[in-house]
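Everything on this sheet refers to the single structure shown next.
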Amino acid sequence: MKRACCVVVLMFAFSARADSANEACESPKVIVPRPSDSAQWAAWVEQRVKELQPTPLERKFDQIGWVHTILEAQKLAKSHHRPVFLFTHDGRMNTGRC
Amino acid sequence: MRAGPLSNDKVIDLLNHSFVPVYTSNEDYEDKSPKVSAEERKALRQIQDECFANRTSVGTVHVYILNPQGHAIDSSHVAAVTETKRLLAVLQRNVDKLDTNHGQPIIKPERQSVAPDAPTGSLVLHLVARGQDTGPQGGSWREFPGENWLVLSSDQAKGFLPRDRPEVGAQYDVNATTAMKLLQYFYPQSEDPVDSPWTKIDAQSLKAMILSVRDGIARARLQGEVSLQRNFYPGKVSPEHMHATLLGFFEWRMINGRITSFELVTDDATRDQKEHYAVAVRMETR
């Protein structure tokens, strides 16, 4: 079931590329050769660590004011007279290990 | 979802100003070992039961809309809303239908990937893993990098240090258990949301060489490599083989052995000998 869902998700994800592409920015390079001079290695490591971090675009969903639990969301919905948007998923959307 | 509609300005605006947004991880609600309260699990079950009763869709990877009284009134399978315009339509039709309040975000937006609480003296490391073509062009589970927050106890962190008094030029092996705590996460993004249990390290090596000892601070260079395998798909034998060479630097206070800086990156990393990826680790400072 889960596999089938993922395949469908993938199909939709590809069809949705036009939306995503509008917001695309260049991703950090995965391959950047290490300098041959070992005196430059420390600076290279420092630079690589910096450039491999998630970009602001990759963290854009941080701009949403997420509530932490369903119960808290229901409580706030009632007191603020707003609907709840609930997204349930496998893995950890915040760290991307899914 | 995260890199698609949930990164779209219009969706963000609607969620912040017209909804109470929440996301949940199914692993936290599992029957076997739930990480949330019984009440919280009951709330999710109730929402799903209401959708069954309403004859709207129900699933594990799903979007549900609740009215201000907390009852389910709409739902969509994720596949139906990964396209931004489709999710926007779902959100807008419910806003229009409910005629609810609009206003400022109820919760102040904040970074969602944050360091966990850790005991004093522990070493908190942040790992970022990036497969080739990470971004919208990477599709589905490679649209953004993977992250891990690793907490090493004070004793585990000392495994990076030499047993003897540090002397410039001295070389030693980092404690294998300590190295494994870190290296088992040196893989690119995959569909399997479960981390280390499915990972098998075939070979690892992490050596340190002391570069300087000055003003009570010692500095060392790390070099090594790791070969590991793990399943791409959750719960299914689908092993991928990773190999990476590593380079890094760290410093520690000699008086107490406390690490004060730590950076480690892949020099060259490949998955199944063909596809490149990169991993970066740095210490989280508080």
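Rank these by accessible area, largest first, 1.4 Å probe: B:Glu275, B:Glu167, B:Glu30, B:Glu240. Could the numbers behind the result be given before it?
Working: B:Glu275 50, B:Glu167 120, B:Glu30 85, B:Glu240 25 Å².
If we order B:Glu275, B:Glu167, B:Glu30, B:Glu240 from most to least accessible, we get B:Glu167, B:Glu30, B:Glu275, B:Glu240.
Run a plain Debye calculation on the stretch B:5-98 (Cα atoms as equal point scatterers, no solvent) and give log10 I(q)/I(0) at q = 0.14 Å⁻¹, rounded to two decimals, same order as the q list.
Taken in order of the listed q values, log10 I(q)/I(0) reads -0.54.
Can you report the principal axis dimensions of the protein assembly as shown using only the alpha carbons, biggest first, rounded to whole angstrom?
72, 42, 37
Would you please state the base-10 log of I(q)/I(0) at q = 0.06, 0.08 1/Å for chain B, with intensities from the Debye formula using one equal scatterer on every alpha carbon?
Log10 I(q)/I(0), no solvent term: -0.27, -0.47.
Which value in nm describes the separation of the simple spin-label points at B:Tyr233 and A:Gln47, placed 7 Å from the Cα toward the beta carbon?
Each label point lies 7 Å from its Cα, and together they span 4.2 nm.
Between B:Ala89 and B:Gln273, what is the FRET efficiency for a Förster distance of 56 Å, r being their Cβ-Cβ separation, to the nearest 0.05?
Numbers: r = 44 Å, r/R0 = 0.79.
FRET efficiency, B:Ala89 to B:Gln273: 0.80.
Computed on alpha carbon atoms, what radius of gyration and Dmax characterise the stretch B:123-283, expressed in Å?
Cα-based Rg and Dmax for the stretch B:123-283 come out at 16.4, 52 Å.
Quick one: accessible area per residue over the stretch B:215-286, 1.4 Å probe, rounded to a whole number of Å²? Write out the running numbers ahead of the final one.
Numbers: 3180 Å² over 72 residues.
That works out to 44 Å² per residue.
Which order do peptides B:34-44, B:125-135 fall in by mean Cβ count within 10 Å, highest first?
Details: B:34-44: 14.5, B:125-135: 22.6.
Output ranking for B:34-44, B:125-135: B:125-135, B:34-44.
If DNA, RNA and ligands are ignored and the probe is 1.4 Å, what is the ranking of B:Arg55, A:Arg34, B:Arg2, B:Arg271 by accessible area, most exposed first? Spell out each step's value before the answer.
Numbers: B:Arg55 215, A:Arg34 55, B:Arg2 5, B:Arg271 25 Å².
Listed by decreasing accessible area, they come as B:Arg55, A:Arg34, B:Arg271, B:Arg2.
How big is the accessible area of B:Trp149 in square angstrom, nearest 10, if you roll a 1.4 angstrom probe over the protein chains?
Per-residue accessible area (B:Trp149): approximately 50 Å².
Order B:Asp99, B:Asp28 by their accessible area, 1.4 angstrom probe, all chains in place, largest first. List each step's numbers first, then the result.
On the way: B:Asp99 120, B:Asp28 30 Å².
Solvent-accessible surface, decreasing: B:Asp99, B:Asp28.
Give the accessible area for B:Asp49 in Å² (nearest 10); use a 1.4 Å probe, count only protein heavy atoms, and leave out ligands, DNA and RNA.
For B:Asp49, the solvent-accessible surface is approximately 90 Å².
Taking a probe of 1.4 angstrom, what is the accessible area of B:Thr120 in Å², to the nearest 10?
Its heavy atoms expose roughly 140 Å² to the probe.
Roughly how many percent of the accessible protein surface of the protein assembly as shown is carbon and sulfur, given a 1.4 Å probe and a whole-percent answer? Before the final figure, lay out the partial values.
Numbers: 8930 of 17800 Å².
Summing carbon and sulfur atoms, their accessible area is 50 percent of the total for the protein assembly as shown.
For peptide B:176-187, what's the mean number of Cβ atoms from other chains within 10 Å of each residue's Cβ? Spell out each step's value before the answer.
On the way: counts 0, 0, 0, 0, 0, 0, 0, 0, 0, 1, 0, 1.
Average per residue, whole number: 0.
Averaged across the residues of B:6-16, what count of C-beta atoms belonging to other chains lies within 10 Å of each residue's C-beta?
Numbers: counts 8, 11, 6, 3, 0, 3, 6, 2, 2, 7, 4.
Partner Cβ neighbours, averaged per residue: 5.
Rounded to the nearest 100 Å², what is the buried accessible area between A and B, both sides summed, probe 1.4 Å? Kindly include the intermediate steps, with their values, before the conclusion.
Details: alone 9350 and 17240 Å², together 17800 Å².
Interface between A and B: roughly 8800 Å².
For the protein assembly as shown, what does the helix formula give at 222 nm: sum of -39500 (n - 2.57) over DSSP H segments with n ≥ 4, over the residue count, nearest 500 deg cm²/dmol?
On the way: 10 runs with 99 residues, N = 384.
Calculated at 222 nm, the ellipticity per residue is -7500 deg cm²/dmol.
The values are calculated or read from the model by the stated rules, or taken from the named source; none is laboratory data. This one's a predicted model, so the numbers in the text were calculated from it and none came from an experiment. When we count neighbours, we look across all protein chains shown, and the Cβ atoms used for this are built from the backbone with ideal geometry, even at glycine. These area figures cover heavy atoms from the full protein model, side chains too; ligands, DNA and RNA do not enter into them. Shrake-Rupley method; radii C 1.70, N 1.55, O 1.52, S 1.80 Å.
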